[in-house]
Amino acid sequence: MYSWAPVSVPAVPPSEDVPGRLSLFDTSLRAVTPVGPESGEARMYVCGITPYDATHLGHANTYLTFDLVQRAWLDLGLGVNYSQNVTDVDDPLLERAAQTGQDWDELASDQIELFRTDMEALRVIPPRHYVGAVESIGLVVRYIERLAETDLVYQIDDPEHPDWYFRTAQVPGFGAVSGLDEQRMIDVFRDNGGDPDRPGKRHPLDSLLWQFARRGEPAWESSLGAGRPGWHVECVAISLQHLGPHFDLQGGGRDLIFPHHEMCAAQALAFTGEPMADACVHSGLVALDGEKMSKSKGNLELVSRLRKAGADPMAIRLALLAHHYRSDWEWRPEMLDEAVARLERWRSVLNDATAVPAAETIAAMRTAIRNDLDAPAALAAVDAWVAASSAMTSDDVDAVGEMVAAIDALLGVRL
Ligand SMILES: [Zn+2]
């Protein structure tokens, strides 16, 4: 189990007249709906990185989105069991290691360390369970063994690599997460590195559970043969193990809707007889130079590069929060300058002993966040309070402290 440094979250007294639940856009439902329990513990799983390249702003945008979810639940008085995986063995990692001549496990541990440092700098609250694929191989094997008791698991007819597959398309409701029809799913699967055309598969959309060792690749001995797990079953096994069945939220970037989250949902339903999660929530994609930021295209802006160039991590955080989590947008360097200016305006109020009262602004921030994480509206509420406090003489001696705590608790920005 990995982790990063804990983050303290100040308690903020409750506000009058704000929604008592967090509502989010559920991809399967295609509507905004309350997510999380009314009391007790909320359970959330977010797909983690494959550690072969450093954290870019698209990743940071995703993990900040679910950090806001965790903060909103904590602010509602709920406990939160947040679990995240790290795919520390997978094809792209092995390919990158082969290209650079580095050992794959060394590359993974370097990149995990950099990711954790970036998350700490951005004040992302660490997951309770941050679990690697490699340490979970025994767990994944046990899940596949149990799934294999159904008629949904088979070995492909390939004498050299008789890999194990799951009959995804046989599961009732398959397609509900993405809303795609079968032909479209096959096309997207093919375009995203899937293997719909592999000879011997019973259905093009069957998903890989366990692949036998290829030459030169790491492999683990098991009852299934010497090999390693597929990506979807890794997330299913880790999430169910650490959260239990039918948890509240499955999350990730929108590029994970299909095939990853669709296939995870089918496997989890076959395994537990219940939906994997109540809601599927997805963050938008960040572009650079006109295209989605991605490692494969090489158009990346890295959190670590911005930090090295001297950017205040709180300004990076504000630059990301200035966009609604579901929107797709393009990173421009001026966005960091704008965030720096905003942070300076906010911090200027700290020099004053008094400000205008904070209660209405805190209620507006809470209302915005609980309404599908409208961070831009929350930032605008703070802007208005800062402007009013700077413009007029005021005598509320508690307001500055109350706002500092609320901005920290709800937005994760420390002034
Ligand atoms: Zn996943």
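Quick note: the coordinates plus some simple rules give every number you see, no bench work behind them. The structure presented is a predicted model; accordingly, all values stated were derived computationally and were not measured. Every residue, glycine among them, receives a Cβ derived from its backbone with ideal geometry; neighbour counts consider all protein chains shown.
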Looking only at the chain, where both bridge partners belong to it, what percent of the DSSP beta bridges are antiparallel (to the nearest 5)?
45 percent
Extent along principal axes [Cα atoms of the range 313-414; Å; largest to smallest]:
42, 28, 20
Could you give each residue of the range 297-308 its phi-based ³J(HN,Hα) in whole Hz, using Karplus coefficients 6.51, -1.76, 1.60 with θ = phi - 60°, and x for Gly or Pro?
8, x, 9, 10, 10, 9, 4, 5, 5, 4, 5, 4
Count the net charge of all other residues whose Cβ sits under 12 Å from the Cβ of residue 413, scoring Lys and Arg as +1 and Asp and Glu as -1.
+3
Can you compute the FRET efficiency between residue 213 and residue 120 using 1/(1 + (r/R0)^6), with r the Cβ-Cβ distance and R0 = 41 Å? Round to the nearest 0.05.
0.70
In terms of modelled amide H atoms, which long-range or inter-chain residues lie less than 5 Å from the amide H of residue 86?
131, 132, 133
Using alpha carbons only: equivalent-ellipsoid semi-axes of the range 157-246, gyration tensor based, whole Å:
23, 19, 11
Rg (one decimal) and Dmax (whole number) from the Cα set of the range 23-292, in Å, equal 18.1, 56
Only Cα pairs within less than 10 Å get springs; with that Gaussian network setup on the chain, which residue of 102, 241, 155 has the largest fluctuation?
102
Per 5 angstrom bin, beginning at 0 and ending with the bin that holds the maximum distance, the Cα pairs of the range 255-322 fall in percents of 4, 13, 15, 16, 15, 11, 11, 9, 5, 1, 0
Total charge of the residues flanking residue 195 in space, meaning their Cβ is under 10 Å from its Cβ, with Lys and Arg +1 and Asp and Glu -1, is 0
Phi angles of the range 67-79, converted by Karplus (6.51 cos²θ - 1.76 cosθ + 1.60, θ = phi - 60°) into ³J(HN,Hα) in whole Hz with x for Gly and Pro, give 5, 5, 4, 4, 5, 5, 5, 4, 5, 7, x, 8, x
Reachable lysines, given that their alpha-carbon falls under 26 Å from the alpha-carbon of residue 308 and they are not under 8 places away in the same chain:
292, 295, 297
Most mobile of 167, 184, 215 in a GNM of the chain (Cα contacts under 10 Å)
215
May I ask you to list the residues of the range 349-385 whose amide nitrogen lies under 17 Å from a point 7 Å from Cα along the Cα→beta-carbon direction of residue 395?
353-358
Residue 380-residue 345 pseudo-label distance in nm [points 7 Å out on the Cα-to-Cβ vector]
1.3 nm
Between residue 16 and residue 289, with labels modelled 7 Å along Cα→Cβ, what's the label distance in nm to one decimal, could you check?
5.5 nm
